[in-house]
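Before any comments, here is the structure.
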Amino acid sequence: MKFLDVAGLKRKIPNFLSLLRVVLAVFFVLLVGRSDFFTAMLVFMLAAVTDFFDGYWARKWRAVSLAGALLDPFADKVLMISAYGILATTAQVPLYVAATVIVRDLLILAAVCLCALFSVRLEIRPLVSSKMNTTIQMIFVIIVVGCRCLSMTITSVEMLIGAGVVCLSTIVSGADYLRKYYGIGNDILNG
């Protein structure tokens with residue numbers, strides 16, 4: 001019996017990081033709700049780092065699993081829905097930005113749930129546009145929260161530009177998913 005199963009541990013780290021991202025999302029919401037923007041920014045940055053490393057280590061250590069393929073995007077959606085939801089609720093970002101991010105993510109989650117419910121096989125693989133979108137969304141959250149913790153004001157023009165980039169990226173990514181998985185609706189209806 002080995003004292004430490006390094007290979008087994010390596011297989012668990014990516015999923016642990018995804019779960020950690022979900023927990024960090026909860027802390028982020030609580031911290032923003034208490035107007036502790038400095039700690040919230042650190043927590044969100046840590047969550048963003050876990051998003052990079054869970055996928056990187058899963059590929060590097062060949063620890064890719066179905067659980068991880070489901071857990072990683074789920075954790076991303078929880079983080080983004082939580083972050084944009086609390087930032088809109090506390091008037092840090094416009095409501096339409098949060099609505100765009102949240103609706104896209106909820107539609108993707110609903111599609112995955114419907115596929116599971118109707119036993120439609122779905123290849124879960126993030127699109128390049130989705131990875132770029134997640135990065136843009138994370139950077140925008142860090143900028144908004146970072147400005148708050150540094151007591152910097154984001155002008156209405158700067159907010160409009162940032163919000164526009166986030167919304168455009170989110171819509172393009174959502175449309176890309178729709179284009180790629182267009183036939184799934186027929187599979188569900190014809191089940």
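What pairs come up if the first residue lies in the stretch 85-101 and is closer than 17 Å to ILE136 by Cβ and of a type outside the set (Ser, Thr, Tyr), the second is at pLDDT 95 or above and assigned to a loop (DSSP other than H, G, I, E, B), and their beta carbons are under 6 Å apart, counting only those six or more places apart or on different chains?
Within 6 Å, the pairs are LEU87/VAL93.
Residue-wise test of (1) under 17 Å from the mean Cα position of the chain (by Cα); (2) within 18 Å of ILE81 (Cβ to Cβ); (3) loosely packed, with under 14 Cβ neighbours inside 10 Å.
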site: ILE136; (1), (2), (3): yes, yes, no
site: ILE139; (1), (2), (3): yes, yes, no
site: ILE154; (1), (2), (3): no, no, no
site: ILE161; (1), (2), (3): no, no, yes
site: THR170; (1), (2), (3): yes, yes, no
site: GLY174; (1), (2), (3): yes, yes, no
site: TYR177; (1), (2), (3): yes, yes, no
site: TYR181; (1), (2), (3): no, no, no
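Give ALA83, ALA67, ALA91, ALA163 a once-over and let me know the one that is of a type in the set (A, V, I, L, M) and modelled with pLDDT under 85. It would help to see each step written out before you state the result.
On the way: ALA83 fails: modelled with pLDDT under 85; ALA91 fails: modelled with pLDDT under 85; ALA163 fails: modelled with pLDDT under 85.
One residue alone meets the criteria, ALA67.
The values are calculated or read from the model by the stated rules, or taken from the named source; none is laboratory data. Every value quoted in this text rests on a predicted model; they were computed, and no experiment measured them. No Cβ is skipped: glycine too gets one built from the backbone with ideal geometry, and neighbour counts run over all protein chains shown.
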